[in-house]
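Any read-out appearing in this document is the output of simple, stated calculations on the displayed coordinates, not a laboratory observation. Because the structure is a prediction, the values reported are computed rather than measured. Neighbour counts are summed over all protein chains in view; Cβ atoms, including those assigned to glycine, are modelled from backbone coordinates with ideal geometry.
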Amino acid sequence: MPDVKLANRDPRVGQRYETEDNEFGLRNMDHFALETRNIELMVRFIGEVLGGQPYYYAGFDEADKAAGRVKHIFLRVGNVLVQCAESKDGKVALDKNNPNVSPHWAFTVSAVDLDRNIARLRKLGIPCTDPIQHRGLDVTSAYFQSPEGHKFEICTWEPYPEHKAKHMRIDWPSLAHDWPHGK
C-alpha cells in the first residue's frame, strides 16, 4: 500500500459535500453506467424504483444503429445520471448470487426517507435489508438489487435510532428477485 495516512474524515452530516479539495478539480459524480440485457426493464426499474427521469437516449434510430451505437438511456436520479446500456453481445457480468458487496451504487436520503424507502421497496415486492449501521461511521443503510442483479444502497448520514438498526452482513443472494413479478 502506498504511503497513505489512514484516518476517518469529519463525519458531520453533509460535510463531505462542502469541500472541494481534490487536487485535480474532481467534485462530484456525473453518471455511472449499468450494462443490461433488457433495457426496457432497467429503464422501468430505475424509473419506478429510484424515481429516475429520462434525460438523454441514443442508439435507437437508424443513424445510431448504422454507427454501431448500442441502445442506451440516461435517467436522472437526484443529481446523478444513471446510464442503462444494452450489451452488444447480450452478455452481462452480473450474478444475482454474487455475495460480494462491490460494485454497488449508493444514494443519500434523510433518516425518514430511509424508512419510507424500505417500506416502499417491500411493497413493490423487492427484497431489501433491514437498516444496517456501519461500524465506526454514523451512516445507516439498506441494500437491494435490480432484477438483473445490479446492487444498490440507500443510506442516511442523519442520526438514526440504534434500536431500529442492525449490525449485520449483507446476504446478497437472499435479495435476488424477478420484479415486476411477471408483469
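Key figures
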read-out	value
Long-range lysine pairs (8 or more apart or interchain), the chain, Cα under 30 Å	28
Euclidean distance between Cα centres, the stretch 25-41 to the stretch 133-169, Å	21
Residue with peak Gaussian network fluctuation, the chain [Cα springs, cutoff 10 Å], from N28, N38, N100	N28
Among M42, M29, M168: highest mean-square fluctuation, GNM of the chain, C-alpha pairs under 10 Å	M29
Added length on full extension, which subtracts the Cα-Cα distance from 0.36 nm per residue, V112 to E48	21.1 nm
Coil-residue trypsin sites (Lys or Arg not before Pro) of the stretch 91-181, DSSP, other Cβ within 10 Å capped at 15	K91, R135, R169
Binned Cα-Cα distance frequencies in the chain - 10 Å width, integer %	8, 31, 34, 20, 6, 1
